[in-house]
Amino acid sequence: NAGVTQTPKFRILKIGQSMTLQCTQDMNHNYMYWYRQDPGMGLKLIYYSVGAGITDKGEVPNGYNVSRSTTEDFPLRLELAAPSQTSVYFCASSYPRYRDRVTEAFFGQGTRLTVV
Amino acid sequence: DAKTTQPNSMESNEEEPVHLPCNHSTISGTDYIHWYRQLPSQGPEYVIHGLTSNVNNRMASLAIAEDRKSSTLILHRATLRDAAVYYCILRVLQIIQGAQKLVFGQGTRLTINP
């Protein structure tokens, strides 16, 4: 079972460059999330999506964009990379069988991004 | 969003029980308590969740205080593989979109001594 797959695993960007972090899941989950984790800190929510075509901001959306054209894919776009975006990025997905029922989230292995 | 408070670090010995505490004094009636853990260089993984009653699964037990303002994750026999950062999280339900956001704190770094 592939689960949640993130690519690339590592990347070094120069200030001002752009890139897209890829995330795909094969569990037919409706909900997908992007988090970032700074050294020694917990995860902070960047963006999330409740289904294809529907996205919303999390705690720290500035400097990022997302799109959700399919159920499987939820790419995260960095425009004009800045050193403050150096972090580990995690994608996650979950499936709400019922809106009032709790489901676990599945996380990818992360993308370690350094902006220099 | 309601917040959780956990000790920064804890230490235990292999094959002994571990009790990881979490305070969530501002929890609302609809907030579920989730626990995730993050092994070194990996993404978080689900451990257990509960609402009011104590819960058991193959990984751990979750004891929830009667007033729901605190909870304890119990690892019955810790192994070296249980060394990780453990996050106590309140699931935030967005009524409009139905999204289930997980808001992470800093977690407890658990060290297991052989």
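The values are calculated or read from the model by the stated rules, or taken from the named source; none is laboratory data. What you see is a predicted model; the values in this text were computed from it and never measured. Virtual Cβ from ideal backbone geometry, glycine too; neighbours counted across all protein chains shown.
So for region B:60-77 (the condition being out of contact with any helix residue (DSSP H, G or I) (no Cβ under 8 Å at 6 or more places or on another chain), under 27 Å from A:P39 (Cβ atoms) and within 11 Å of chain A (Cβ to nearest Cβ)), does at least one residue qualify? No, every residue in region B:60-77 fails to be out of contact with any helix residue (DSSP H, G or I) (no Cβ under 8 Å at 6 or more places or on another chain), under 27 Å from A:P39 (Cβ atoms) and within 11 Å of chain A (Cβ to nearest Cβ).
Among the residues of this structure, B:G29 does not count as one that is of a type in the set (G, A, S) and crowded, with 17+ Cβ neighbours inside 10 Å. All conditions in (1) touching a Phe, Trp or Tyr at 6+ places or on another chain (Cβ under 8 Å); (2) of a type in the set (K, R); (3) at pLDDT below 95; (4) under 11 Å from A:N30 (Cα atoms) hold for A:K57, with the sole exception of (4).
Restricting to region B:48-92, name every residue that is of a type in the set (S, T, N, Q) and surrounded by 15 or more Cβ atoms within 10 Å (Cβ to Cβ).
B:S61, B:S70, B:S71, B:T72
Please report, ordered by residue number, the strands (runs of 3 or more DSSP E) entirely within region A:10-116 with at least 3 residues that are within 11 Å of chain B (Cβ to nearest Cβ) and over 22 Å from B:L39 (Cβ atoms).
A:43-51, A:54-57
Is it the case, given these coordinates, that A:L43 is in contact (Cβ under 8 Å) with a residue 40 or more places away in the chain, out of contact with any Cys (no Cβ under 7 Å at 6 or more places or on another chain) and surrounded by 14 or more Cβ atoms within 10 Å (Cβ to Cβ)? So A:L43 passes the test. Of everything in region B:7-38 that is out of contact with any Gly (no Cβ under 9 Å at 6 or more places or on another chain) and charged (D, E, K, R), the residue that is nearest to A:G40 (Cα to Cα) is B:E11.
Whenever a residue of region A:54-83 is without any contact (Cβ under 8 Å) to a residue 12 or more places away in the chain and among the acidic types (D, E), its partners that are surrounded by 14 or more Cβ atoms within 10 Å (Cβ to Cβ) and part of a loop (DSSP other than H, G, I, E, B), lying with C-beta atoms within less than 8 angstrom and at least six residues away or across chains, give the pairs A:D56/B:Q97; A:D56/B:A99.
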